[in-house]
Amino acid sequence: MSIRSSLLIVVVSLFFTNNGCSASYSDPSSNVNPSKSRQISWKPRAFVYEGFLTDEECDHLISLAKSELKRSAVADNLSGESKLSEVRTSSGMFIRKGKDPIVSGIEDKIAAWTFLPKENGEDIQVLRYEHGQKYDPHYDYFTDKVNIARGGHRMATVLMYLTDVEKGGETVFPSAEEPPRHRTAVKDDDLSACAQKGIAVKPRRGDALLFFSLHPNATPDQGSLHAGCPVLEGEKFSATKWIHVDSFDTIVGDHGGCADSNDQCERWAALGECTKNPEYMVGTTDLPGTCRRSCKVC
Ligand SMILES: O=C(O)CCC(=O)C(=O)O
């Protein structure tokens, strides 16, 4: 082998080797450039990143979700138990963290954009809104003790839009204050009446919205009130990653792993059984219950 070809091999292998100084060329998070995001509000702190997900990533999340969708639930403010409500009429499902390389790559990108650890994130929730479906104004931080037991408060939300929506389906912040430089911005006539009640983001396939539910001093930010406006034409798929102040993966006092041992657990948890029947559902450290994962205690 000539000196010339040996040199070429060395240069090529250096380029493709992650030597600790640069990210691997196949790492999806290396394509994230946080400075590409645009601030849409200061109160709450909210940013939009256009083209955050590729078409392949959007299609992948939709195809994982499609056959698993169930009517969405909300958490009761006092007990924390999950219940069905007219406040939220979409259907949804959760995709286990790191389920496959594409999901894991999306989670790496979220961590790179938000500068928040991957382990602080919940499983991704995929939502589908059909005609007329919506999520009324609400906060993502919890006010009950059950839901902050794991990972503490939700501090930030990344909402990824997986489809374009012809009309409606915007995410709106009714209590937000626009940044001063946006005050003269012309209202988008394309926005639904619901969206015109505040600062709104129109769902566009691949775009992502990041907003913070806590102030920098970790107290709840009431400006983070937000809603999913009714879909007026078309269909909306979105994917949500909620990020906590602390690790959501740490299993406190767990010796038997974090799993449900009955495939009805998710449904029972949605019906409030974690609170109504804690001995069976949650159990104790010595005698773990049947649905610890769905009850979010591990
Ligand atoms: O779909 C939306 O635009 C809002 C969703 C949302 O608020 C949530 O999942 O917490």
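Values in this text are rule-based calculations from the coordinates and carry no lab data. Owing to the predicted nature of the structure, the values given are computational and were not obtained by experimental measurement. Here Cβ is always computed from backbone atoms with ideal geometry, including for glycine, and neighbour counts include all displayed protein chains.
For the pair residue 267 and residue 71, label points projected 7 Å from Cα toward Cβ lie 1.3 nm apart. Give me the lysines in straight-line cross-link reach of residue 36: C-alpha distance below 16 Å, same-chain residues under 8 apart excluded. Within reach: 109.
Listed by chain and number, the aspartates and glutamates placed with their C-alpha closer than 13 angstrom to that of residue 118 are 107, 108, 246, 249; residues fewer than eight positions away on the same chain are left out.
In straight-distance terms, cross-link reach from residue 134 covers every one of the lysines whose alpha-carbon lies under 26 Å from its own, apart from those fewer than eight places away in the same chain; here that gives 43, 66, 70, 83, 97, 167, 187, 197, 202, 236, 241, 296. Amide H to amide H distances under 5 Å link residue 214 with 221, where only residues 5 or more positions off or on other chains count and H is placed in the peptide plane.
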